[in-house]
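First the structure, in the form of C-alpha cells, and then the observations on it.
A short reminder: the numbers here are calculations on the coordinates, not readings from a lab. Here the structure is a predicted model, which is why all the values come from computation and not from measurement. Please note: Cβ atoms are built from the backbone with ideal geometry, for glycine as well, and neighbour counts cover all protein chains shown.
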Amino acid sequence: MEVSEKRIEEIIHSYQPDRRYALAIMQDMQREFQYVPREGMEALAEELQCPVSSLYAMATFYKALSLVPKGKHIIKCCDGTACHIRGASTLIDGIRRELKIGPGETTQDGMFSLETVNCLGSCALAPVLVVDDVYYGKVTLEKLKEIIQGVKEGGAE
Amino acid sequence: MIEITINGKKCTCEKGEFLLDVARRNGFYIPTLCHHPAISGQACCRVCLVEVVEKGRSKIVVSCVYPVERPCEVYTDSERVKEDRAVVLMLLKERAPESDVIDALCKAYGAADGSRFAAIDGEKCIMCGLCAGACAKLGTGAISTVLRGTAKKISTPYDEPSKDCVGCLSCAYICPTKAITFKDDGQTREVWGRTFEIVHCRECGAPVGTREEIALAARRAGEEPEELCPTCRKKKMTDIMAHTYGIV
C-alpha cells in the first residue's frame, strides 16, 4: 500500500501512546507498506515523545523491519541446514544472476526482493523457495528460472 | 552488614552492594572501561573481572555488576584473574587497535596473543554504549546503537546530521576510549556531522557552550537562556543575595 500521512496516523492511533507499543506500531507499518517509512518513524517519535534515534535503533536491530521499500514480489530462499546442504547457496547465486540482487536487496524496477530465511519447516522439500507465500520444493536452477518467469508474467497481467 | 575479604583485607559492605564499589572504597584499584557511576549496568567491557571464592568454590565474576550476597574472599589480582583479563584485553585490543587507553591497559596488565584475530583498522570504539546512555540522560538522545552483530555501530538516525543533537559533547566526554571525534576551535564546534556556534560569556568572554545546549539547559530549568559562564553566574547570584540581605 502507498505510504500516506493519513494511514500512518491511523496505525499510530490504533495504539495507546506508550513506548512499549513502539515495536508493534512499526511492525504494523512494515505489514502495511512493506517497510517502515521515515515519515512514519518521525511521526511515531513525535507521538511517543521519544528521540527518533531510539526507534531507529529498534528498526535496525530487528530483521523483520526494513527501512527501504521492499519489492512487489518477495522471494524467500530457505538457507537452513537441510536446504543449505541441498544447494540453497546455488539458488541464491542463481537469483543473483537472474535478477542481479543479493539477500536483503530489491531489484531496480521494484519487482523483486530477496530474503534468506533460516528454516521454513519444510525440510523434506529442500531446497525450498517461497515466492509471495507460494511454496516451491526441490527447486533446481532450471525450475528457478521457470518460477521467476512465471511470476514476471503473472505480475504483468 | 556483610564481612568480606579483598586480597586478604577485611572489608564490610551492605548486602547487594556491587563488588567494584566495595573494592574501590577500600582502596583496591580494579581497572574498568565501560563503568561510569552515572550510567550503571553497562557491564560489557569485562576488564573489571575478579575472582570470588565462596564456600570453597572459586569463580570469575564481573565486579561492576556482582552484588555481594554473603561473606566471601575476593582476589583482584590472582593468577586466574591475570590470565582471564589478558584474554579480555587482547580481544578489546583487536576490536579497537587505535585506542591509546586500551594500549596502556595492555601494557600495564599484559595481553594474550591476538595474532589469530584480524584487528579492525582504525577503530577506537569498543561498543560499550556509554555515549548513547549519556546522550539520553544529559543530551537529547540523538545517538544510539544501530544495526547489530558485527555491523553494530554508534550513529545518528539514517547516518545524517541529527536535528536533536545540541553539540554538548557529553558523548565524547564520557567515551572511555576517546572514540568520538569532534572539532572545537573556540568559535565553532563540529560533532556528528553538524557545526555549532559557541556562545561566549557576555561578562568575561569565556566560552559557555553551544547556543542549542544553553537553550536546552534553560528549557529544562524553566528559565530564560542566559549567556553567562558558571563563574559569572555565581557572581551574579552573590550580587543578588548581597543586595537582598542589604550587605552592599
- Message: In whole Å, what are the extents of the protein assembly as shown along the principal axes defined by its C-alpha atoms, from largest to smallest?
- Response: 91, 61, 41
- Note on the structure: Relative contact order of segment B:2-109 (C-alpha contacts under 8 Å, at least 6 apart) in percent is 28
- Message: Rounded to the nearest angstrom and ordered from largest down, what semi-axes does the equivalent ellipsoid of segment B:1-82 get from its C-alpha gyration tensor (root of 5λ)?
- Response: 18, 15, 11
- Taking the dipole about the Cα centre of segment B:130-244, with the C-beta of Lys and Arg at +1 and of Asp and Glu at -1, give me whichever of B:ALA206, B:CYS171, B:THR238 is farthest to the positive side. B:CYS171
- Query: So, counting K/R as plus one and D/E as minus one, what does the shell of residues with Cβ under 14 Å around B:GLU224 add up to?
  - Reply: +3
- Among the lysines, which have Cα under 21 Å from the Cα of A:LYS76 when same-chain residues fewer than 8 positions away are ignored? A:LYS63, A:LYS100, A:LYS138, A:LYS143, A:LYS145, A:LYS152
- Note on the structure: Computed about the Cα centre, the charge dipole of the protein assembly as shown from +1 Lys/Arg and -1 Asp/Glu charges at the Cβ has a magnitude in debye, to the nearest 20, of 1200
- Message: Among A:72-78, B:27-33, B:182-188, how do they line up by average Cβ neighbours within 10 Å per residue, starting with the highest?
- Response: A:72-78, B:27-33, B:182-188
- Task: Treating the angle as unsigned and between 0 and 90°, give the value, to the nearest 10°, between the Cα long axis of helix A:22-33 and the longest Cα principal axis of chain A.
- Result: 50
- Message: Please compute, for peptide B:158-166, the average count of beta-carbon atoms on other protein chains lying within 10 Å of each residue's beta-carbon.
- Response: 2
- Task: Grab the eigenvalues of the alpha-carbon gyration tensor for segment B:130-244, scale each by 5, take roots, and send me the semi-axes largest first in whole angstrom.
- Result: 32, 14, 12
- Query: Given +1 on the Cβ of Lys and Arg, -1 on the Cβ of Asp and Glu, and no further charges, what dipole in debye does segment B:2-109 carry about its Cα centre, rounded to the nearest 20?
  - Reply: 200
- Roughly what would the spin-label model give for B:GLU69 and A:GLN16, points 7 Å off Cα along C-beta, in nm? 3.4
- Message: About the Cα centre, and with charges only on the beta carbon of Lys, Arg (+1) and Asp, Glu (-1), how big is the dipole of segment B:130-244? Nearest 20 debye, please.
- Response: 460
- Query: With a sphere of radius 12 Å drawn around the Cβ of B:VAL199, what net charge do the other residues whose Cβ falls strictly inside it have (Lys, Arg +1; Asp, Glu -1)?
  - Reply: -2
- Could you sort A:42-50, A:2-10 so that the peptide with the highest average Cβ count within 10 Å comes first and the rest follow in order? A:42-50, A:2-10
- Cα-based helix-to-principal-axis angle, A:88-99 vs chain A, degrees rounded to 10: 80
- What's the average, rounded to a whole number, of partner chain beta-carbon atoms within 10 Å of each residue's beta-carbon in B:145-154? 3
- Note on the structure: Inter-chain shielding metric for B:67-80, i.e. average beta-carbon neighbours from other chains within 10 angstrom, reads 0
- Note on the structure: Contact order relative to length for chain A, counting C-alpha pairs under 8 Å separated by 6 or more residues, stands in percent at 18
- Take the Cα gyration tensor of segment B:91-186, multiply each eigenvalue by 5, square-root it, and list the three semi-axes largest first, rounded to whole angstrom. 27, 16, 11
- Item | Top positive-direction residue, dipole computed over the protein assembly as shown with Cβ charges, set A:THR81, B:CYS11, A:GLY154 | B:CYS11
- So, for the Cα atoms of segment A:73-156, Rg and Dmax in Å stand at 11.6, 35
- Among B:157-170, B:215-228, the order from most to least packed when residues are scored by Cβ within 10 Å on average: B:157-170, B:215-228
- Taking Cα pairs under 8 Å and at least six residues apart, what relative contact order does chain B come out at, in percent? 12
- Query: Amide H neighbours of A:PHE112 under 5 Å, counting only residues 5+ apart in sequence or on other chains, H built in-plane at 1.01 Å?
  - Reply: A:LYS72, A:HIS73, A:THR107
- Picking from A:TYR62, B:LEU138, B:LEU89, whose Cα lies most toward the positive end of the charge dipole for the protein assembly as shown (charges on Cβ: Lys, Arg +1; Asp, Glu -1)? B:LEU89
- Query: Cα convex hull of chain B: how many Å³ per residue?
  - Reply: 189
- Computed [θ] at 222 nm, helices only, for chain A once each DSSP H run of length n ≥ 4 contributes -39500 (n - 2.57): -14500 deg cm²/dmol
- Task: Springs between alpha-carbon atoms under 10 Å, Gaussian network over chain B: tell me which of B:PHE117, B:PHE196, B:PHE18 tops the mean-square fluctuations.
- Result: B:PHE117
- Message: Here is the link list: B:LYS137/B:LYS163; B:LYS137/B:LYS178; B:LYS55/B:LYS93; B:LYS55/B:LYS152; B:LYS55/B:LYS82; A:LYS70/B:LYS152. Which ones come out longer than 29 Å on Cα distance?
- Response: B:LYS55/B:LYS93; B:LYS55/B:LYS152
- Note on the structure: Charge tally for neighbours of B:PRO97 with beta carbon under 11 Å away, counting Lys, Arg as +1 and Asp, Glu as -1, is -3
- Helix-only [θ]222 nm of chain B, DSSP H runs n ≥ 4, -39500 (n - 2.57) each, per residue, nearest 500: -9000 deg cm²/dmol
